[in-house]
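Read the figures in this text as sums done on the coordinates, not as results from a lab. All of these numbers come straight from a predicted model, not from anything done at the bench. Cβ atoms come from the backbone with ideal geometry, glycine included; neighbour counts cover every protein chain shown.
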Amino acid sequence: MFNHAQLALLQANVPGLPQHRIANIFRPLATPGASEKNIALLTLAITGVIFVVVAGLIIYTMWRFRRKPGDDEHQEPPQVYGSNQIEVAWTVIPILIVFVLIGVSARVIAGVENASPPASTTKVTLVGHQWWWEVDYPQFTVRTANEIHVPVSRDGNNATYLTLESQDVIHSFWVPQLGGKMDLIPNRQNFTWIDPREPGVYYGNCAEYCGTQHANMLLRVIAQEPADFNTWAANEAKPAVEDPSVSAQKAVYQSLSCVNCHTIRGTGSIGQFGPDLTHLMSRENIGAGVLTNTPEHLRAWVNDPQAIKPGCLMPSMKLTDKELDQVVAYLETLK
């Protein structure tokens, strides 16, 4: 959950964002999530009835055949050694329930997967890495990380279609209020779509165990009004703004091996292994959600990522305090 200071920081960076959303699958705010909620409610209803029936039979049996005053404690109560009717009932009824749930689930999944894209569609390629999310917008030539900005859907328009890929192991995209989980599998493309109905921040995470930092592979979908989304995309498509006041700090950054892993568009930093840093400070978090994006947290992350997220693939550069201050001062200008 955000505290007030964190939410204020995010709202300052994201125009038109009114509030964050609690990850509640029973309050879906997108078409796929609403369809899957109905499956969950049907399953809960069926299993609830089963629980009531079974619990009722147990309670009735305990009361009906309880020991009464005068009963011989060594006398065995009457036994039932076979009943074709009971055998048929507890075989046929579960089979029918399973087939009903399979049929309903298959119908909903097919409806979600085979839905035709609306005329206005935002396309996103989401690539899973150990342990962060690469987010590409081919329509806007934008590449960011861990935060998926999408337009709010009005009257079935402005849906967002995601192409899901993995760079290493199996990951899984899951944002509970928007839709069910969909795996990201190496050497294969999967597809899903979302159409948030209200602006806000929707929480998600990797839902398939993918290694040491699986629990810290967090994700946020930031739904904005279409005009605000277009403003964000236009800004993200721009190269990094040159700030002459940090030219010396920039030179220090470019002298380090950071440039081999990260891209900062408009500079000599063209690495593809790690997240794109062109507009780093416009993001609410760093380290795929483990830290809010403040100068203090950024300095701690650059200084020793392993102390914050053990096992992550970003090494400690062993910078001196002066070098660390210079690198962080340059990164703070990337807005």
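The table for this structure:
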| read-out | value |
| --- | --- |
| Peptide ranges 47-59, 252-264, 63-75 listed from the most packed, as the mean C-beta count within 10 angstrom indicates | 252-264, 47-59, 63-75 |
| Dipole magnitude of the chain about its Cα centre (Cβ charges: Lys, Arg +1; Asp, Glu -1), debye to nearest 20 | 360 |
| Protection proxy ranking of 296-305, 171-180, 216-225, 104-113 - average other beta-carbon atoms within 10 Å, highest first | 171-180, 216-225, 296-305, 104-113 |
| Among 24-36, 274-286, the order from most to least packed when residues are scored by Cβ within 10 Å on average | 274-286, 24-36 |
| Calculated diffusion of the stretch 54-196, Stokes-Einstein form, Kirkwood radius summed over Cα pairs, 10 °C and 1.306 mPa s, µm²/s | 79 |
| Residues with amide H under 5 Å from that of Ala159, placed H, sequence gap 5 or more | Thr122 |
| Volume in Å³ per residue [convex hull over Cα atoms, computed for the chain] | 208 |
| Part-to-part distance (alpha-carbon centres) for the stretch 160-213 and the stretch 79-143, which is given in Å | 14 |
| Relative contact order [Cα under 8 Å, 6+ residues apart], the stretch 244-331, whole percent | 27 |
| Rounded to whole Hz, the Karplus (6.51, -1.76, 1.60) HN-Hα couplings of the stretch 167-181, x for glycine and proline | 8, 9, 10, 6, 10, 8, 8, 8, 10, x, 6, 10, x, x, 6 |
| For the stretch 244-331: span of alpha carbons on each principal axis (Å, largest first) | 33, 26, 22 |
| Theoretical FRET efficiency, 1/(1+(r/R0)^6), r = Cβ-Cβ of Ala307 and Ala89, R0 56 Å, to 0.05 | 0.40 |
| Rounded to 10°, Cα long-axis angle of helix 31-64 versus longest principal axis of the chain | 30 |
| Stretch gain in nm, segment Val80-Phe51, where the contour uses 0.36 nm per residue and the Cα spacing is subtracted | 8.1 nm |
